[in-house]
1. Just rank 36, 130, fewest to most, by other beta-carbon atoms within 10 angstrom.
2. Order by neighbour count: 122, 157, 186, fewest other Cβ atoms within 10 Å first, most last.
3. When Lys and Arg each count +1 and Asp and Glu each count -1, what net charge do the other residues less than 11 Å away from residue 88, Cβ to Cβ, add up to?
4. Looking at [x] 93, 49, 34; [y] 40, 35, 32; [z] 50, 49, 30, which value of Cα extents along the principal axes in Å comes from a calculation on the structure shown?
5. To the nearest 0.05, how large is the calculated FRET efficiency for residue 76 and residue 32 if R₀ is 22 Å and r is the Cβ-Cβ distance?
6. Just how many % of Cα pairs in the stretch 143-190 lie over 15 Å apart, if you round to the nearest whole percent?
7. With labels modelled as points extended 7 Å from the Cα through the Cβ direction, what inter-label distance (nm, one decimal) is found for residue 89 paired with residue 185?
8. Past the 32 Å Cα-Cα mark, which pairs from 74/123; 152/191; 157/191; 162/191?
Amino acid sequence: MNKVLTHLEYKLLVEQSPILIWRAGTDAKCDYFNERWLKFTGRTMEQELGDGWAEGVHPEDFKGCVEYYLEHFKAREAFEMDYRLRRHDGVYRWLLDRGAPFYADDGAFLGFIGSCVDISDKKAAQDELRISRERELGNLRGLLPICSGCRKIRDSKGYWAKVEKYIKEHAAVDFSHGLCPDCLAKFYPDKKTGE
């Protein structure tokens, strides 16, 4: 059964949505924010209307965010962008904002509608992973000068250290020692493997 949403059902759906929803008219000025947006920012509808919402955008993201929005609005092209918005407690959170033009039944352009999702935790995890990878790559880059005779490694200060000590200081590993079958046969010929 194909049921068309009533105005009330649509309003409830938008207001109770777990995402932040906004709408802008043909002048690119915002004329609506759902309850979730207002709870997130801790501001009133009147404060957010027009360009008021942009007061909460992080200063480092402000110029790029507004320019990107206006560029896509003018071209009437859907967009997706990340920026930080101040939450009601003063903490800036990363949002993924998706906006798209919407039209009347007769094809007349009515403005844009958009939704935002808080992606701060995802961003933090990505940053942590990037830092970890950079640290790991930093530990693996370059050549290690190793003595051909004793297998000691020369560190960046010119000191020679046992390979175990060097690696333990530069990587998150510990060592256990043993003998491979070839060395066991070479140094202890009277011992059999497995005894």
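1. Numbers: 36 18, 130 10.
Ranking 36, 130 by Cβ neighbours within 10 Å, fewest first, gives 130, 36.
2. On the way: 122 13, 157 5, 186 10.
The order, fewest Cβ neighbours first, is 157, 186, 122.
3. +4
4. Step by step, Cα extents along the principal axes in Å for this structure corresponds to label [x].
5. 0.75
6. Values: 646 of 1128 pairs.
Value for the stretch 143-190: 57 percent of Cα pairs lie more than 15 Å apart.
7. Here the modelled spin labels are 6.6 nm apart.
8. Numbers: 74/123 29 Å; 152/191 29 Å; 157/191 42 Å; 162/191 28 Å.
Pairs exceeding the cut-off: 157/191.
Taken together, the values in this text are just the output of simple stated rules run on the coordinates, not laboratory data. Everything quoted here is computed from the prediction, not taken from an experiment. Here the Cβ is made from the backbone with ideal geometry for all residues, glycine too, and neighbour counts use every protein chain on show.
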